[in-house]
Every structure is written in structure tokens, then in C-alpha cells.
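**Student:** Here you go, one structure.
The values are calculated or read from the model by the stated rules, or taken from the named source; none is laboratory data. The shown structure was predicted, so the numbers you read here are calculated from the model rather than taken from an experiment. Please note: Cβ atoms are built from the backbone with ideal geometry, for glycine as well, and neighbour counts cover all protein chains shown.
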Amino acid sequence: MKLQRHGAVVAFLAAGALLVAGCGSDPTPAGGGAGAPAAGGSASVDCSGKKNLTAEGSSAQKNAIDAFIQAYQKACAGSNVAYNPTGSGAGVKQFNAGLVDFGGSDSALSKDKGEVDAAAKRCQGNPAWNLPLVFGPVALAYKVNGVTDLVLNGEVAAKLFNGGITTWNDPAIAALNPGKTLPAEPVKVVYRSDESGTTDNVQQYLTASSKGAWTQGAGKKFAGGVGSGADKSAGVAQAVQATEGAISYVELSYAQDQKLSMAKIDSGSGAVELTTENVGKAIEGAKITGTGNDLTLDLKSVYGAPAAGAYPLILATYEIVCSKGYDADTAKAVKAFLGTAATTGQGSLADAGYAPLPASFQQKLITAINAIS
């Protein structure tokens, strides 16, 4: 079943004609008509920038970016974005090297790893902003003989991914799944072999939720020390489908593509299925920790102590952009694409396995996009 729209975004999507203001003295409204009224003011997309943007990064958002590009091409005829889904780590590196116009990453830029400073240098001495444009749940996907309704929690998931649990009939799994027949087959972990913000988010989740069972830390490289790697999200999903006894982590859209079984997660108040409503409860608990127009999120509270009924394993994919430092034509195009993506582009995300932007993020994101120069 494809992810359906969460109630919290209905009001937002009802304003689907909303478009974000671009820079320049002669903006071209999307579709050739007058700009639609925005919350807090009138706005329109300026399509007069360069026609071809380049971007690279998170494979988790690939299907969402495809939907955004279609909306952008409809709004700005003749314009395009060439997006290369090489993974979050590569996206950050390519953006910081000035080789693409914006990067896509499932983790915000890291100060400790020098990414913040490198991005500022790329942006002509100006800070880069992390703009959360795509929200998606991460499935704990598995293929276990005879098991299609599995419940896990953070502690058991951590022990699966670091080798603390090696067979599917382990007592710890059985305790979460009373009355179910679990095979004695070995656990075969599949992990992302490339640098991935999805891996970083999953390891943050395991750190926060496992009651000390996960000691390997976080980061874009998998640190569990067991299993076999697969390249990018599509490769992980395909590997799980092909491997009896497999478990991995992969974004919902890829799990759906391969028709994989997905575990429910029990954070202490009962097993929670990956559904729109349950994902929405988690998104609403996310807090912004960035300053100004940098919209970096803190998901640790969602991971470690989610609200009752919330599906906690979510990620936000950021578009990493220069606040200033683009040439004028690039700035116009980046703003036009992101503005379209943040509004009309959200309409088809639910069917692709993503959660459309919560209404509470709408004005903050629009304000940030408008301020790019």
C-alpha cells in the first residue's frame, strides 16, 4: 500500500497553487498567470534564471525529486534539473566542491567533519542552509520464511544490526512476537555500503532507542560490523528481496517497490505500524535546531521518546543550498525549483511513499527559499 496523505498536511495541500517568490525584477508566474496568494503575502516563481540546474546526493529522495522536476517543468517550461542519486555523502562533497548547484542529504551538514566550513567556502564566504524538503519513513525491511507480521523494538533492532542476535528464533525476538512461529534460520544483515544519510539516521535511532545495546555510534558509514553491503537504496531493497533471512533499513518507497515485509516498531506503548498517521505523529515531534533560515532538525527526541502511536524511524532529506554566493541566474533557478517543489510538487509525494510537508513547516521553508540570493 502506498503512503497516503496525513491529515496534518491537508490544509497545506489545499493551497496547492501557492508558489514561492523568486528574485529579479521581472518574475514570470508559474503557468503564465498571476502569482497565487501565499500565506503571508503574494508570491510567484521567477522562471527567468538558467534553464538547467545540476544536483546530486541522497538516493532516498530520488523519487520525490523526480516528482518535483515534473512540477518544475510544468511551472517553468524548458527548465530542468539533472539529479544524480549517488548518496548523501557524495552529494555533500559535490556541493562543497562547487560541482553541483545544490546537494541532497539525509543528514544536515556537520561542523565536526568540516562540512559547514567547506560549504561556506563554496558559497563565497556565506553560510549554506539545510532546508528539509522531503520527509520519509525508513522501513526495517526483512525476508524471513513464514513471517509477515514482525514486531521489533530499538534494543532488538540494535542487536540484529550489530550481531548480538544471530538467529530469527532468538528469545528476544520471540518475546516481542508471542504466538508466532519464528524459524531457526540465521540473520543476514544487509547494510548500505556507500556513505548514506539514511545510515546516519538509522544509527542515531539505534543509539537513542536501544537502551545501550548499540554502542557503535552514528555516521554515514554503517558501523555494525556484521552483514554484507549493497549500494544505494535500490541495491539494498533488491538484496533483501533476494536473501532469505535478511534484514535491513531502507526508505519506504524502495521497500514498496520490492514488496518487502516491514516490521512494526514497539517504543514502549505497543507495536506501531508504518502508516501515514503514525509517521505524521513523529514528524510533528521534530524540533528545529538551526538558526535563522537554516532549518536543521533534531530528531533525537523522536527516536528516543516518540509520542504514543508514532512511528519513530523517519528521516528528513535536506536540500543544501548557498544562502548567498550564487550568480544571479543560478539563484533564480534554485529558488524557482525549490519553491515549486515545496508547494505544488508536494501533491504527488504520498503515492510515491513519502510524507508531504507538514503545514507547520510551510512558511518557514518559503521564507528561507525567498531569502536565497
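**Student:** Is it the case that the range 117-134 has a residue that's in contact with a Pro (Cβ under 8 Å, 6 or more places away or on another chain), within 23 Å of Leu297 (Cα to Cα) and of a type outside the set (Lys, Arg)?
**Tutor:** Within the range 117-134, one or more residues are in contact with a Pro (Cβ under 8 Å, 6 or more places away or on another chain), within 23 Å of Leu297 (Cα to Cα) and of a type outside the set (Lys, Arg).
**Student:** Next question. Answer with yes or no whether Gly325 is touching a helix residue (DSSP H, G or I) at 6+ places or on another chain (Cβ under 9 Å) and not in a strand (DSSP E or B).
**Tutor:** yes
**Student:** Taking Gln346 and the conditions (1) assigned to a helix (DSSP H, G or I); (2) modelled with pLDDT of 90 or more, which numbered condition does it fall short on, given that it satisfies the others?
**Tutor:** Looking at each condition in turn, Gln346 falls short on (2).
**Student:** Across the range 266-284, which residue is farthest from Leu182 (Cα to Cα) among those that are of a type in the set (D, E, K, R) and either in contact with a strand residue (DSSP E or B) (Cβ under 6 Å, 6 or more places away or on another chain) or crowded, with 17+ Cβ neighbours inside 10 Å (or both)?
**Tutor:** The qualifying residue farthest from Leu182 (Cα to Cα) is Lys281.
**Student:** Check Asp112, Asp66, Asp117 and return the single one that is of a type outside the set (Ser, Thr, Tyr), surrounded by fewer than 24 Cβ atoms within 10 Å (Cβ to Cβ) and closer than 22 Å to Ala237 by Cβ.
**Tutor:** Answer to the selection: Asp66.
**Student:** Quick one: in the range 285-298, of everything that is under 23 Å from Asn63 (Cβ atoms) and in contact with a helix residue (DSSP H, G or I) (Cβ under 7 Å, 6 or more places away or on another chain), which residue is surrounded by the most Cβ atoms within 10 Å (Cβ to Cβ)?
**Tutor:** Ranking the candidates gives Leu295 first.
**Student:** In the range 221-231, what residues are crowded, with 18+ Cβ neighbours inside 10 Å and of a type in the set (Ser, Thr, Tyr)?
**Tutor:** none
**Student:** Same structure again: Is one or more of the residues making up the range 301-310 in a loop (DSSP other than H, G, I, E, B), surrounded by 19 or more Cβ atoms within 10 Å (Cβ to Cβ) and not small (Gly, Ala, Ser)?
**Tutor:** Within the range 301-310, one or more residues are in a loop (DSSP other than H, G, I, E, B), surrounded by 19 or more Cβ atoms within 10 Å (Cβ to Cβ) and not small (Gly, Ala, Ser).
**Student:** Do we find a residue being touching a helix residue (DSSP H, G or I) at 6+ places or on another chain (Cβ under 8 Å), buried (at least 21 other Cβ atoms within 10 Å of the Cβ), more than 30 Å from Asn169 (Cβ to Cβ) and not hydroxyl-bearing (Ser, Thr, Tyr) anywhere in the range 140-147?
**Tutor:** no
**Student:** Between Glu319, Glu277, Glu284, which is in contact with a Pro (Cβ under 7 Å, 6 or more places away or on another chain), of a type in the set (Asp, Glu) and touching a residue at least 40 places away in the same chain (Cβ under 8 Å)?
**Tutor:** Just a single option satisfies the conditions, and that option is Glu284.
**Student:** So if I check each of Ala234, Ala218, Ala263, which one is more than 23 Å from Val92 (Cα to Cα), of a type in the set (A, V, I, L, M), touching a helix residue (DSSP H, G or I) at 6+ places or on another chain (Cβ under 9 Å) and surrounded by 15 or more Cβ atoms within 10 Å (Cβ to Cβ)?
**Tutor:** Just a single option satisfies the conditions, and that option is Ala263.
**Student:** Looking at Ser210, Ser196, which is the one that is more than 27 Å from Lys93 (Cα to Cα), buried (at least 20 other Cβ atoms within 10 Å of the Cβ) and not aliphatic (A, V, I, L, M)?
**Tutor:** Result of the check over Ser210, Ser196: Ser210.
**Student:** Across the range 209-253, what is the number of residues that are outside any strand (DSSP E or B), in contact with a Pro (Cβ under 9 Å, 6 or more places away or on another chain) and more than 24 Å from Thr167 (Cα to Cα)?
**Tutor:** Of the residues in that region, 4 qualify.
**Student:** Based on what the data block shows, is Asp294 part of a loop (DSSP other than H, G, I, E, B) and acidic (Asp, Glu)?
**Tutor:** Taking the combined requirement at face value, the residue satisfies it.
**Student:** Continuing with the same structure: Helices (runs of 4 or more DSSP H) wholly in the range 1-96 with at least 1 residues that are polar (S, T, N, Q) and at pLDDT 95 or above - which ones?
**Tutor:** 62-75, 88-96
**Student:** Which of the following residues is at pLDDT below 95 and within 22 Å of Ser59 (Cβ to Cβ): Ala263, Ala359, Ala352, Ala307?
**Tutor:** Ala352
**Student:** In this structure, is Gly125 more than 20 Å from Ile69 (Cα to Cα) and in contact (Cβ under 8 Å) with a residue 40 or more places away in the chain?
**Tutor:** Considered against the rule, which asks whether it is more than 20 Å from Ile69 (Cα to Cα) and in contact (Cβ under 8 Å) with a residue 40 or more places away in the chain, Gly125 comes out as yes.
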